[in-house]
Amino acid sequence: MKESKGEVLLHPVRMKIVQTLISGRKLTVQQMSEKLSDVPQASLYRHLKKLLEAELIMVVEENQVRGTVEKVYALPEISGQAASEEFLNLSKEEHISYFTKFMAIVLADFESYVSQESVDFLKDGAGYRQAVFYATDEEFQSFIRTMGQEMMKLIQNEPAPGRVKRTMSTVITAEHPEKE
């Protein structure tokens, strides 16, 4: 049975690959390998193949380099509409399945964090939190737009001295009042 795009994407290494390509970045395997130093190159190629087959990434350039072809990868330009429709058309069971896989990835990331030799929750801003708030649909959309704009600025940062790789995972739910 063929895996859905969601199932293909919900693998820790494949999520990392896609994250390296966010914001219109175009990278070769070598460039990705530098950003994902914890992923062996053979694994990187295997996961790139899966992402290509699922059409979650694409080859945007091919360059001749010393007798071989170097491919440059990017995210395809898809409309937010198509991605939203696919997400909205998932069954309750598919949502639960994808969410469970997502939470397993979050758990693995957190376990990796706390397993480091030196961990400073306060300085790193690490932890787990839940905030409950009340907002109209308009207030909430404004909040999401602002958070998205600020996150896009940070996503575009390249690794540099003083910059620490941070991962933020979000889960948003809503509790609608019962209609009488």
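Some observations on this one:
- Taking 0.36 nm per residue of separation and subtracting the current Cα-Cα distance, fully stretching the chain between Asp109 and Gln19 would add 31.0 nm.
- Protection-proxy order for peptides 17-25, 117-125, 67-75, each taking the mean of Cβ atoms within 10 Å per residue, highest first: 17-25, 67-75, 117-125
- Segment 78-180, Cα convex hull volume normalised per residue, Å³: 174
- Debye intensity ratio I(q)/I(0), log10, the chain, q values 0.09, 0.14 Å⁻¹ (C-alpha model): -0.42, -1.01
- Taking the alpha carbon gyration tensor of segment 38-108, multiplying each eigenvalue by 5 and rooting it gives semi-axes of 30, 18, 8 Å, largest first.
- Using a probe radius of 1.4 angstrom, the carbon and sulfur fraction of the accessible surface of segment 1-64 is 51%.
- Relative contact order (percent, whole number), the chain, Cα cutoff 8 Å, 6+ residue spacing: 20
- Applying 0.36 nm per residue to the separation of Glu175 and Glu77 and subtracting their alpha-carbon distance, the gain on full extension is 31.9 nm.
- Taking label positions 7 Å along the Cα-Cβ direction at both Asp120 and Lys2, the computed distance is 5.0 nm, reported to one decimal.
- Placing a label point 7 Å from the Cα of Asp137 along the Cα-to-Cβ direction, none of the residues of segment 160-180 has a backbone N under 11 Å of that point.
- Computed with the Debye formula from one identical point scatterer per Cα of segment 1-56, without solvent, the log10 of I(q)/I(0) at q = 0.26 Å⁻¹ comes to -1.12.
- Burial ranking of peptide ranges 160-170, 135-145 (average Cβ count within 10 Å, highest at the top): 135-145, 160-170
The values are calculated or read from the model by the stated rules, or taken from the named source; none is laboratory data. In this text the structure is predicted, and so the values were computed from the model without any measurement. All Cβ positions, glycine included, derive from the backbone under ideal geometry; neighbour counts span all protein chains shown. Note: accessible area is taken over every heavy atom of the protein model, side chains too, but ligands, DNA and RNA are not part of it. Shrake-Rupley method; radii C 1.70, N 1.55, O 1.52, S 1.80 Å.
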